[in-house]
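Values in this text are rule-based calculations from the coordinates and carry no lab data. Worth saying up front: this structure is predicted, and the values here are computed from it rather than measured. A quick note on method: Cβ atoms are made from the backbone with ideal geometry, for glycine too, and the neighbour counts reach across all protein chains shown.
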Number of protein chains: 2
Amino acid sequence: MTKLTSIAIFIAGIFASAHAISAEPIEVIKAVKVTEPEKVELGKMLFFEPRLSKSGYISCNSCHNLATGGVDALPTSVGHNWQQGPINSPTVLNANYMLAQFWDGRASDLQAQAAGPIENPKEMGYSHALATQTIASMPAYRAHFAKVYGDENVTIDRLTDAISTFEKTLVTPNSPFDQYLLGKQDAISVDAKAGYQLFKSKGCVSCHNGPAVGGTMYMKMGLIKPFHTNNPAEGRIAVTGKEADKFVFKVPTLRNIELTYPYFHDGSVWTLEEAVNTMADIQLGQKLSDKENLEMVAFLVSLTGDQPQITLPILPPSNKNTPRPVPFSHDPMSSKPVSSELLK
Amino acid sequence: MTKLTSIAIFIAGIFASAHAISAEPIEVIKAVKVTEPEKVELGKMLFFEPRLSKSGYISCNSCHNLATGGVDALPTSVGHNWQQGPINSPTVLNANYMLAQFWDGRASDLQAQAAGPIENPKEMGYSHALATQTIASMPAYRAHFAKVYGDENVTIDRLTDAISTFEKTLVTPNSPFDQYLLGKQDAISVDAKAGYQLFKSKGCVSCHNGPAVGGTMYMKMGLIKPFHTNNPAEGRIAVTGKEADKFVFKVPTLRNIELTYPYFHDGSVWTLEEAVNTMADIQLGQKLSDKENLEMVAFLVSLTGDQPQITLPILPPSNKNTPRPVPFSHDPMSSKPVSSELLK
């Protein structure tokens, strides 16, 4: 190596580390390297598995639709028997970057989260016992569990472990903003750059930071002015019992925020324009000009990353040992009474 | 070319045409060559598009789930507001081989069929006007329509043309039985071979024939003995008004029948074993032995072909011009009244 080359490498090194240590509050999000492909595949099957619900109709993907940003794009979700969910479904994309799961953080991680909706009477309306019995009834699933876990036992822990392992792969790298952070100056517009400066200078980054641009802390919704909503959710107080945690929610990720409308825990706001102004007002006590609003929205839209490319799994057929779905509690049209009992 | 080679080719030709003209009542089903990939891609997006429903929750794939044999595997489907569908959802796989669509054949083709559920109040519960307005509100969709149809106009005819063009690609070739028909003797079991002989000798093929093993004709359900059901559907009479068409339904395809339980237009029977015995009894006046039943089922299971490999489409986001979904007619929890009006 010539002396000149060494110097060039040394100088390049300085710039590289200067970039690496730059104090940007938002970090580049990177694609996840899949180390357990068979478990991920099993988890994907279970994520799309409607037979984890009482009705045989609702899967994880029903409310966390990977065709639409990992959400159902509804204010609150449709659950078993068309019951209305209590709160807006958060996106499953980049969810592993959240410090905890659900708006109130009541599940410590994705595996704990995945167990919830299956047995929530307002969501999938099933039980862990019937869900595992359903999966265990199918030879193809048992073989898959054996391959991943060493034996055929289907337990709720393994089932949710597989689902959460799949979910951890649902990361959205390569957004225009990430390209910009990595040095590609023209990856985002002039408006988006101005929006990012505003996002920092106005104080948005104090909550929305890290690789997911959120999800690193809990914060009161309505810090400066109260948030008006008919949604009865009170946030963290439901977990901690502390009065100080009333209306304190997990700060949501802003990654792919263009796709994850409607906004806020009550899903009451449909446009980024309105969401940005509301946040500035009630969290920061500021009024944005129309230009500032436009720039902020341009920045937020630059956070849309590459969406996971998902090949729809082919699910194994039920058989006579599979508990039957019960979509309707009484089925007057069927020639046989419908029950969740095993077929004799 | 030597004389010997010519003779060899001539003899090979005899065998080839002997095979080609063999009077097998079931024909090999072949993968469809995609000639309009952009239209197929657009149709796939629309097939997975929940915003074609009033609720924003139900897509074509909800009842014709490509993860589960192109059906929802329920006796009758879940529709808008959890209304119970009137009849078992037929599979979308190989549906283009049906002489008409729906159990009563009231739609002449897949395009006509696709228009139905969108505006059926018990299914997607929307209107063609709002469905097309929804799709036309999104620049990405408009650009896709322009690429496929020459201009940006989103009409219900174009929309259903695209969906049906996608559906025509949903063919399941390469089943063990097809491999057997093509000469691979060990592609199916001894039981399946015996089952196929029974299928022909007992008379099942008189209705279940052609490439889809069905779908070529209408037939009375309960030809020899009445079919007992609480389902009020009366079949073709609803289309023709003729008393002779009472309880006459389209003969369903038996391709992938292992996956498309529960069976019959009322979805009342969950196992192939029972379905086979019922058909033999009420359509043919025959009682099968346990061995015959087992063989027939082995044959039917050999009709499961390669399932379409579907990459989940990434759908474009709604915007302020997109009509909002109305999953719940009254939403007490949202801070704003929910309506399908455009956002002002």
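Number of residues in region A:83-131 that are free of Cβ contacts under 8 Å to residues at least 24 places away in the same chain, among the aliphatic types (A, V, I, L, M) and out of contact with any helix residue (DSSP H, G or I) (no Cβ under 8 Å at 6 or more places or on another chain): the value is 1. Within this structure, B:LEU315 fails the test of being over 30 Å from B:SER137 (Cα atoms), touching a residue at least 60 places away in the same chain (Cβ under 8 Å) and within 10 Å of chain A (Cβ to nearest Cβ).
Residue by residue through region A:241-257, note down the ones that are part of a loop (DSSP other than H, G, I, E, B), farther than 12 Å from A:GLY105 by Cβ and more than 11 Å from chain B (Cβ to nearest Cβ). Talk me through it step by step, then tell me what you get.
Going residue by residue through region A:241-257, those that are part of a loop (DSSP other than H, G, I, E, B) are A:241-242, A:246-247, A:251-257.
Remaining after also requiring farther than 12 Å from A:GLY105 by Cβ: A:241-242, A:246-247, A:253-257.
Passing the criteria: A:GLY241, A:LYS242, A:LYS246, A:PHE247, A:THR253, A:LEU254, A:ARG255.
If you go through region A:258-272 and keep only what is in contact (Cβ under 8 Å) with a residue 24 or more places away in the chain, within 10 Å of another protein chain (Cβ to nearest Cβ) and in a loop (DSSP other than H, G, I, E, B), you end up with A:GLU258, A:LEU259, A:THR260, A:TYR261, A:PRO262, A:PHE264, A:ASP266, A:GLY267, A:SER268. Taken across region A:176-195, residues that are closer than 30 Å to A:PRO86 by Cβ and assigned to a loop (DSSP other than H, G, I, E, B) do not occur at all.
A:HIS228 falls short on exactly one of the conditions (1) within 16 Å of A:VAL276 (Cα to Cα); (2) in contact (Cβ under 8 Å) with a residue 60 or more places away in the chain, and that condition is (2). Kindly indicate whether any position in region B:175-190 is under 27 Å from B:ALA107 (Cα atoms) and either in contact with a Phe, Trp or Tyr (Cβ under 8 Å, 6 or more places away or on another chain) or surrounded by fewer than 18 Cβ atoms within 10 Å (Cβ to Cβ) (or both). Checked region B:175-190: no residue is under 27 Å from B:ALA107 (Cα atoms) and either in contact with a Phe, Trp or Tyr (Cβ under 8 Å, 6 or more places away or on another chain) or surrounded by fewer than 18 Cβ atoms within 10 Å (Cβ to Cβ) (or both).
Would you mind stating whether A:GLN286 is in contact (Cβ under 8 Å) with a residue 40 or more places away in the chain, more than 14 Å from every other protein chain (Cβ to nearest Cβ), part of a loop (DSSP other than H, G, I, E, B) and surrounded by fewer than 21 Cβ atoms within 10 Å (Cβ to Cβ)? Please lay out each step first, then the result.
Values: in contact (Cβ under 8 Å) with a residue 40 or more places away in the chain: yes; more than 14 Å from every other protein chain (Cβ to nearest Cβ): yes; part of a loop (DSSP other than H, G, I, E, B): yes; surrounded by fewer than 21 Cβ atoms within 10 Å (Cβ to Cβ): yes.
Against the criterion (in contact (Cβ under 8 Å) with a residue 40 or more places away in the chain, more than 14 Å from every other protein chain (Cβ to nearest Cβ), part of a loop (DSSP other than H, G, I, E, B) and surrounded by fewer than 21 Cβ atoms within 10 Å (Cβ to Cβ)), A:GLN286 qualifies.
One residue stands out among those in region B:206-240 that are of a type in the set (Gly, Ala, Ser) and touching a helix residue (DSSP H, G or I) at 6+ places or on another chain (Cβ under 6 Å): the one that is nearest to the other protein chains (Cβ to nearest Cβ), which is B:GLY222.
Test B:ALA146 against the stated conditions and say whether it is closer than 23 Å to B:TYR218 by Cβ and assigned to a helix (DSSP H, G or I). So B:ALA146 fails the test. Residues considered: A:ASP72, A:ASP109, A:ASP104. Of these, the only one that is touching a Lys or Arg at 6+ places or on another chain (Cβ under 8 Å) and acidic (Asp, Glu) is A:ASP104.
Within region B:27-72, the set of residues being buried (at least 24 other Cβ atoms within 10 Å of the Cβ), more than 10 Å from chain A (Cβ to nearest Cβ) and among the polar types (S, T, N, Q) comprises just one member, B:SER53.
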